[in-house]
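J.: Let me give you the structure first, and then I'll get to my questions.
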Amino acid sequence: MVGPNGSNPVSSPIQGTIVSIDVAVGDEVRAGQQLAVVEAMKMENVLRAPRDGKIERVDAQVGAAVEKGAALVTYETN
C-alpha cells in the first residue's frame, strides 16, 4: 500500500520477533532487497522491498516483539 506522498510502509506479515533490520534511514533500496527478518516459531520471514526507493523511517528494533501488521520500515519510492 502506498501512503501519502509516496510513502510505502513494510509491515510484519506475522506476529514474531525482529531478528535483523538490514537498512538505515537514508539508505537507497532496490526492489527485492532485504529490509528485515522476522522470526516466528523458529522460522525466519525475510521482508523485501517491493520497489526501488529511499528509507524514510525505521520503526522496529532487533529483539523486539511485533504484531502482525506492525510497520517495520517506511520508504519513499523514487
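The values are calculated or read from the model by the stated rules, or taken from the named source; none is laboratory data. Just so it is clear, the model here is predicted, and its values are computed rather than measured. The protein model used for the area step is the full one, side chains on, heavy atoms only, and it has no ligands, DNA or RNA in it. Shrake-Rupley method; radii C 1.70, N 1.55, O 1.52, S 1.80 Å.
J.: Based on the alpha-carbon gyration tensor of the chain, what equivalent-ellipsoid semi-axes (square roots of 5 times the eigenvalues) come out, in whole Å, largest first? Display every interim value, and only then the final one.
T.: Details: eigenvalues 84, 28, 22 Å².
Listed largest to smallest, the semi-axes of the chain are 21, 12, 11 Å.
J.: Would you work out what percent of the accessible area of the range 34-75, with all protein chains in place, is carbon or sulfur (probe 1.4 Å)? Provide the component values of the computation, followed by the final result.
T.: Details: 1250 of 2550 Å².
Taking all protein chains in place, the range 34-75 shows 49 percent carbon and sulfur surface.
J.: Moving on to the next point. When the Karplus curve 6.51 cos²θ - 1.76 cosθ + 1.60 is applied with θ = phi - 60°, which whole-Hz ³J(HN,Hα) does each residue of the range 50-55 get, with x for Gly and Pro?
T.: Ordered by residue, 3J(HN,Hα) equals x, 9, 5, x, 10, 5 Hz.
J.: Just the accessible area per residue of the chain, please: how many Å² with a 1.4 Å probe?
T.: Details: 4670 Å² over 78 residues.
Accessible surface, normalised per residue, equals 60 Å².
J.: When the Karplus curve 6.51 cos²θ - 1.76 cosθ + 1.60 is applied with θ = phi - 60°, which whole-Hz ³J(HN,Hα) does each residue of the range 14-31 get, with x for Gly and Pro?
T.: Ordered by residue, 3J(HN,Hα) equals 9, 7, x, 10, 6, 8, 8, 10, 9, 9, 10, 3, x, 5, 8, 10, 10, 3 Hz.
J.: Name the residues whose placed amide hydrogens come within less than 5 Å of the amide hydrogen of residue 15, ignoring near sequence neighbours (fewer than 5 apart) on the same chain.
T.: It is 68, by chain and number.
J.: Who wins for biggest fluctuation among 32, 53, 16 in a Gaussian network model of the chain, springs between alpha carbons below 10 Å?
T.: In the Gaussian network model the winner is 32.
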